[in-house]
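A.B. asks: Pasting in a structure now, in structure tokens, and then I'll have a few things to ask.
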Amino acid sequence: MSAPLLSVRDLKTHFTVKQPGLFSDDRIVRAVDGISFDIEPGEVLSLVGESGCGKSTVGRTLTRLEEATSGVAEFEGQDILQMPPAAFRPLRRDIQMIFQDPFASLNPRLTIARTLGEPLFIHKLAKSREEARRKIGETLELVGMDPAVMSRYPHEFSGGQRQRIGIARVMIVEPKLVIADEAVSALDVSIQAQVLNLIKRLQRKSGIAMLFISHDLGVVRHISDRVAVMFKGQIVEMGDKHQIFEAPKHAYTQELLSAIPRVASHREAV
Amino acid sequence: MPLLEVDNLEIAIAMRGQLLPVVRGISFSVDEGETLGIVGESGCGKSLTSLAIMGLLDGTPVRITGGDIRFEGQDLRQLNRRERRAIMGSRMAMIFQEPMTSLNPVYRIGDQIVENLRQHQKISQKAARARAIELLELVRIPEPQQRVDSYPHQMSGGQRQRVMIAMALSCDPKLLIADEPTTALDVTVQKEVLDLMADLQERMGTAIVLISHDLGVIAETCDKVAVMYRGKIAEAAPTDDLFARLAHPYTRGLLNSIPVVDRDVEWLEAIPGRVPGIDEDIEGCAFHPRCPRAQDICRRNEPKQHRIGNEHTSHCHFAEEAAP
Amino acid sequence: MTAVVQQVQDIFAGRRLASIGLSWLILILIVAIAAPLIAPFDPYEIDPIARLSPPGWPHLFGTDHFGRDTFSRAIYGARMTVLIGSGSVIVALLTGGLIGMLSAYFTRAGNVLMRGVDVLMAFPALLLALVLITLLERSVVNTIIVIGIVYATTTARILYGMTLKLKREVFVDAAICSGAGHGSILFRHILPNLLSPLLVQASFIFAFAQLQAAALDFLGLGLPAEVPSWGNMLAEERIYITRAPWLLLFPGALIILSVFSMNLVGDAMRDSIDPRFKDDIAGV
Amino acid sequence: MFAYTIKRLLTLIPTLLAASVLVFLFVHLIPGDPASILLGDTATPEEVAALTKELGLDKPLIVQYFYWLIQVVQGDFGRSLFFGAPVLSVIANGAQTSILLALMTMVWIVIFGIPIGVLSASYQGRWVDQLTSGGAMLFASVPTFWLGLYLILIFAVWLGWLPSSGFPAIDGVGALGHLRYLLLPSLTLAAPNAALIIRLVRASMLDVSREDHVRTARAKGLHPSRVAIKHIFRNALIAVAAAFGFTFAALVSEAVVTETVFSLPGIGQLVVQSILRRDYPVIQGVILVIVVLYAVVNLLVDLAYARLDPRVSLQ
């Protein structure tokens, strides 16, 4: 068995919340409270749970948008949580993130070409403007968009199109690990299906490993190989997706699964 | 006579000096004690329809441009404002999507329920407060005696939505309009709230119009369903009938777009294209640019209503063929 | 350039009052630049025979108690208006704006800096100006510096708040994940999004600066007495108000119209910017 | 609420200390020797030497500051160069007038500002709104002293209804006659500030009226006026209360000008005259008093804010 691409051990991310009272101590929110998991190359692991369970904080900690309180996260054998920010910067190319809100995740003042060009120049992946434009065009085609849109601004696009652009920004640097934080939650059902198919297709084609964070169990089943269920900052159950969905062991997983409203019962009844 | 009858309702938004139609002639009815689900994606006009029925379009750039809304046999559009207000909150009540912001943050929740009670009933402050506590108990808020004096920010999202339900049901309404009541809630909380609504409906005999983007929620809670697309009802039917014989490509596409939890699907059959903006003009059937089976006739003519079954209708030129 | 024109058209379309305000400000700018060409008399020229003469010909706005032509002085006064207004805006935005933006971005050092701003804000505006002016000579530059510093404090507060909001934006997170450094995030991602709210803030500072400058002139602590500014014209002629009520009418009306116009323009622009920042801007 | 009050009080201390350092340094920033500055031009070298010793001006700056601070805390602000009296009593004399003027102005601001603001918001977009909010902006654009001068010209000189300036003692003119002298000044002072409150009430009411809970209130079938007062205005009041701190600051600034125009013997006029007379101990004292007062007003505003918004006081 090969070494895992990412290996997280006993990760904790706590936040201190200032309390207004004079004599009350600051409250500590244990958003992520000791979780461990591995992601193999080319594998899709989903983190699923309800709001406030800490699943998004895991993603933000692994991309160093939040500071970890303790724990180790080894990416290709290097601990990415402890290294100085300057040392982590080149690694950002390998660990990319797709965000939830397609309206907020693109800078409204930059054209699509400049947004997609930024990581290319930072990581020196294009030697000239022409090469950058060519790569941007190719990547836009990859996500199902017309390369001609690169001179336009984000407000000219719909939510689904913006999310495609967000995916293009991630794919353009050819990362090894993509963290998708509620990547399709803000989209309408018909558009969500398109984007979900796109993500799955790109993942299959390129063999990128993925940490897929979502509250939607249907989406999670559709995209992942393995699933980890989070509750109050901890992983309560982790396993192969068929085990989780067909033979859940933990009571919370069972509760989650039984709470989902289904259309299927009607279809089978008739 | 149905409790609520909407007949050829048209709604438009005033934008930059022109009226853009958002609801383009829809009709449906709700009987006493019945639950109607209206489902559709953002911008289809479902929320504006609910606001129009409730009478909450005043002071917005949105107005009703045609059609009738009859409630208990009365034409709501003919009533004056005072008569209209007498119905709001008493015989017809509404709950909204955002439980976090739908209650006034500066008043105690008990006082907000009391306000609704005393607006419509001759009841003393003390009796109204006692009734508010009863109502909180009814919606399963623990320790209602204490919680009646809580402020909204001291409660969770699910609890606030229960408070909203308690307030809406305080005057025993005949009709409850619920606009995406569980969209902002987690699935486990959503289940509790939906169960509560179903339970109360059974006990009180309230009719419900449930607006949702989630076909699963609709399928589990509604007696009949209307599927809206771009301001029109694409397909309407009793719930079981609808899922048994999908008679509109949009309903089928919507259903196939949902990733299900109970079995593996390799690729979702997504609807291609995107939801058209309200300022775009589409000739013929509004769905034709995204429809896999669109023919010339779909690009030219707007489809009429086709009857598939007793109460099953579809606005598709190929409605009969679509249904298996 | 055409994009700018288009944007200006969008903001002022259907706002007749604000459009008139903008036209008035443009007129003031032209008059300020071309003052020597427009003014019929030398603004310093004393005519002892024509003291306190009422409006008419050749003295359109009449003359003051030295017999100087009020119209010509008012024309030259436009120069001071433009100078004081834009000078204060530049001082306020460069000092306060930079402090606010950097403090919000580099939180640790920023906390200390913003405490300093808080201390300055413990002084009511005109009082702070008075304290500062006591330390300095009366001159145009010093008036600009003093008023600029007074509004630098509010500007710093406002920019601090807006930068904090932008820093939490998802597109900033996305830029960090793309590997962008501090300079790129500050000047490529944050600053461009601050430009339009800054412009709105600048217009309100410009308006308030006129009122503060006039008040300082009136108290005898602003521009040197001989400088023909609208504030000084009011200050010098105030005791003649009963004998020549029109003397104070013209400079006063000019100040009011200019401040009002600037407020109208600022208000119109505020309505067109990102709604998130509307509450941050301290305007009328 | 109690804990909140204490906590807010404690946060005042560092700000006030820092402000006091500025006020202290102020005299040292003026070119020249502080002792001669504090004693004025007429001082003999002996007097200068004596004061230098008394104030410890030969000691390091930091030591001097603490000497000064201890004196100030005890209420000793030094002596006025011009009046020869203790600074605190000079300030107390002016304070009477200024406080009366401020109170009367506040009454106008509340009487005019809030109802007109509510009216303007209620008729948003219609002519009533355009007139009131446009008028408010116009008034906010008028220099205070200019307005004061013309009010004097019209109501005192031409019509002769009201006194033009000054403020005689209460026993000479009676309580009502006393207040007559403050009518024009307080109206002058109130005009731009009431205008700002009108704009603010209007803007916050329009903001609140877009919030979801207002829709809930309307869905209850409440009368629009009840929705406007109980749900929109009540919530808008939170933002309006927060702005009264700024209003106080604006009042102080404009009172300086207004008192000068109407020759009212208040603190504002005292500041200006003291600056022109280079009476540094008085300037120092007045500024310190105003800074403390401003801090206290801001504290009160915060407490009012917490009372109006349960989300602040109950966490």
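A.B. asks: Out of (1) out of contact with any Ser or Thr (no Cβ under 8 Å at 6 or more places or on another chain); (2) surrounded by 13 or more Cβ atoms within 10 Å (Cβ to Cβ), the odd one out for A:V58 is which?
C.D. replies: In the conditions (1) out of contact with any Ser or Thr (no Cβ under 8 Å at 6 or more places or on another chain); (2) surrounded by 13 or more Cβ atoms within 10 Å (Cβ to Cβ), A:V58 misses (1) alone.
A.B. asks: When only residues in the stretch D:205-258 that are closer than 30 Å to D:V272 by Cβ and hydroxyl-bearing (S, T, Y) count, which is surrounded by the fewest Cβ atoms within 10 Å (Cβ to Cβ)?
C.D. replies: The qualifying residue surrounded by the fewest Cβ atoms within 10 Å (Cβ to Cβ) is D:T247.
A.B. asks: Okay, moving on. Can you list the helices (runs of 4 or more DSSP H) found entirely within the stretch C:1-104 that contain at least 2 residues being under 25 Å from C:G222 (Cα atoms)?
C.D. replies: C:16-33, C:35-38, C:70-91
A.B. asks: Quick one: which residue in B:L57, B:L48, B:L76 is away from chain A (no Cβ under 14 Å), of a type outside the set (V, I, T) and surrounded by fewer than 21 Cβ atoms within 10 Å (Cβ to Cβ)?
C.D. replies: It is B:L57.
A.B. asks: In the stretch B:161-214, how many residues are of a type outside the set (D, E) and under 24 Å from A:L257 (Cα atoms)?
C.D. replies: 21
A.B. asks: Taking only the stretch B:94-126 into account, find how many residues are under 22 Å from B:A52 (Cβ atoms), more than 7 Å from every other protein chain (Cβ to nearest Cβ) and out of contact with any Asp or Glu (no Cβ under 8 Å at 6 or more places or on another chain). Step through it out loud before you land on a result.
C.D. replies: Filtering the stretch B:94-126 down to residues under 22 Å from B:A52 (Cβ atoms) leaves B:94-98, B:101-102, B:116, B:119-120.
Within this subset, residues satisfying the condition of being more than 7 Å from every other protein chain (Cβ to nearest Cβ) are B:95, B:97.
If we keep only those that are out of contact with any Asp or Glu (no Cβ under 8 Å at 6 or more places or on another chain) as well, we get none.
Looking only at that region, the number is 0.
A.B. asks: The conditions are (1) surrounded by 16 or more Cβ atoms within 10 Å (Cβ to Cβ); (2) more than 16 Å from B:V225 (Cα to Cα), and B:R252 fails exactly one of them. Which is it?
C.D. replies: (2)
A.B. asks: For the stretch D:1-76, list the helices (runs of 4 or more DSSP H) that sit wholly inside it and hold at least 1 residues that are in contact with a Gly (Cβ under 6 Å, 6 or more places away or on another chain); which are they?
C.D. replies: Passing ranges, in order: D:2-29, D:61-73.
A.B. asks: Quickly run through the stretch C:121-155 and pick out the residues that are farther than 24 Å from C:P224 by Cβ, of a type outside the set (F, W, Y) and either at the interface with another protein chain (Cβ under 8 Å from one of its Cβ atoms) or in contact with a His (Cβ under 6 Å, 6 or more places away or on another chain) (or both).
C.D. replies: Matches in the stretch C:121-155: C:A122, C:P124.
A.B. asks: Turning to a different aspect of this structure: Is it true that some residue in the stretch C:189-202 is touching a residue at least 40 places away in the same chain (Cβ under 8 Å), touching a Lys or Arg at 6+ places or on another chain (Cβ under 8 Å), farther than 21 Å from C:V91 by Cβ and part of a helix (DSSP H, G or I)? Show your work before the answer.
C.D. replies: Just the residues of the stretch C:189-202 that are touching a residue at least 40 places away in the same chain (Cβ under 8 Å), to begin with: C:190-191, C:193-194, C:196-202.
Applying the additional criterion that residues be touching a Lys or Arg at 6+ places or on another chain (Cβ under 8 Å) yields C:190, C:193, C:200.
So of that shortlist, the ones also farther than 21 Å from C:V91 by Cβ come out as C:190, C:193.
From the residues that got through so far, the ones that are part of a helix (DSSP H, G or I) too are C:190, C:193.
There is at least one residue in the stretch C:189-202 that is touching a residue at least 40 places away in the same chain (Cβ under 8 Å), touching a Lys or Arg at 6+ places or on another chain (Cβ under 8 Å), farther than 21 Å from C:V91 by Cβ and part of a helix (DSSP H, G or I).
A.B. asks: I need a count of the residues in the stretch A:213-226 that are outside any helix (DSSP H, G or I) and either more than 12 Å from chain B (Cβ to nearest Cβ) or touching a Lys or Arg at 6+ places or on another chain (Cβ under 7 Å) (or both).
C.D. replies: Counting residues in the stretch A:213-226 that are outside any helix (DSSP H, G or I) and either more than 12 Å from chain B (Cβ to nearest Cβ) or touching a Lys or Arg at 6+ places or on another chain (Cβ under 7 Å) (or both) gives 4.
Quick grid of which residues meet (1) under 24 Å from the mean Cα position of the chain (by Cα); (2) surrounded by 20 or more Cβ atoms within 10 Å (Cβ to Cβ); (3) of a type in the set (G, A, S):
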position	(1), (2), (3)
B:V227	yes, yes, no
B:F243	yes, yes, no
B:I278	yes, no, no
B:I282	no, no, no
B:A286	yes, yes, yes
B:A294	no, no, yes
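A.B. asks: Something else: Taking only the stretch C:39-53 into account, find how many residues are among the β-branched types (V, I, T) and surrounded by fewer than 12 Cβ atoms within 10 Å (Cβ to Cβ).
C.D. replies: So the answer is 1.
A.B. asks: How many residues are surrounded by fewer than 20 Cβ atoms within 10 Å (Cβ to Cβ) and at positive phi when one looks only at the stretch A:27-55?
C.D. replies: Selection size over the stretch A:27-55: 3.
A.B. asks: Let me ask something else. Exactly one condition in (1) buried (at least 17 other Cβ atoms within 10 Å of the Cβ); (2) out of contact with any Pro (no Cβ under 7 Å at 6 or more places or on another chain); (3) more than 13 Å from chain D (Cβ to nearest Cβ); (4) closer than 30 Å to B:V189 by Cβ is false for B:I69; which is it?
C.D. replies: Condition not satisfied by B:I69: (4).
A.B. asks: Still on this structure, please answer the following. Quick one: would you say D:A304 is in contact (Cβ under 8 Å) with a residue 12 or more places away in the chain, more than 9 Å from chain C (Cβ to nearest Cβ) and hydrophobic (A, V, I, L, M, F, W, C)?
C.D. replies: In short, yes.
A.B. asks: Criterion first (within 14 Å of chain C (Cβ to nearest Cβ), farther than 30 Å from D:I30 by Cα and among the acidic types (D, E)) does D:E259 satisfy it? So that I can check it myself, show each step before the final result.
C.D. replies: Working: within 14 Å of chain C (Cβ to nearest Cβ): yes; farther than 30 Å from D:I30 by Cα: no; among the acidic types (D, E): yes.
Considered against the rule, which asks whether it is within 14 Å of chain C (Cβ to nearest Cβ), farther than 30 Å from D:I30 by Cα and among the acidic types (D, E), D:E259 comes out as no.
A.B. asks: Still on this structure, I have one more. If we keep just the residues of the stretch B:184-197 that are of a type outside the set (D, E) and touching a Ser or Thr at 6+ places or on another chain (Cβ under 6 Å), which is farthest from the other protein chains (Cβ to nearest Cβ)?
C.D. replies: Step by step, filter the stretch B:184-197, then rank; the result is B:V193.
A.B. asks: So A:A259 clears everything in (1) surrounded by 19 or more Cβ atoms within 10 Å (Cβ to Cβ); (2) more than 15 Å from the chain's Cα centre (by Cα) except one condition, right? Which one?
C.D. replies: (1)
A.B. asks: Here is a further query. Can B:A166 be described as crowded, with 22+ Cβ neighbours inside 10 Å, without any contact (Cβ under 8 Å) to a residue 60 or more places away in the chain, out of contact with any Ser or Thr (no Cβ under 6 Å at 6 or more places or on another chain) and farther than 23 Å from B:V23 by Cα?
C.D. replies: yes
A.B. asks: Moving on. Taking into account only those residues within the stretch B:306-322 that are crowded, with 20+ Cβ neighbours inside 10 Å and either out of contact with any Pro (no Cβ under 9 Å at 6 or more places or on another chain) or acidic (D, E) (or both), which is modelled with the lowest pLDDT?
C.D. replies: Out of the qualifying residues, it is B:I308.
A.B. asks: Can you tell me which residue in the stretch C:225-241 is farthest from the other protein chains (Cβ to nearest Cβ), limited to those that are part of a helix (DSSP H, G or I) and of a type in the set (D, E, K, R)?
C.D. replies: C:E236
A.B. asks: Looking at the stretch B:169-179, is at least one residue within 30 Å of B:T251 (Cβ to Cβ), modelled with pLDDT under 95 and either part of a helix (DSSP H, G or I) or away from chain A (no Cβ under 11 Å) (or both)?
C.D. replies: For the stretch B:169-179, residues within 30 Å of B:T251 (Cβ to Cβ), modelled with pLDDT under 95 and either part of a helix (DSSP H, G or I) or away from chain A (no Cβ under 11 Å) (or both): absent.
A.B. asks: Residue check, B:L210 against (1) in contact with a strand residue (DSSP E or B) (Cβ under 7 Å, 6 or more places away or on another chain); (2) away from chain A (no Cβ under 12 Å); (3) on the phi < 0 side of the Ramachandran plot, all met but one. Which one?
C.D. replies: Single failed check for B:L210: (2).
The values are calculated or read from the model by the stated rules, or taken from the named source; none is laboratory data. The structure presented is a predicted model; accordingly, all values stated were derived computationally and were not measured. When we count neighbours, we look across all protein chains shown, and the Cβ atoms used for this are built from the backbone with ideal geometry, even at glycine.
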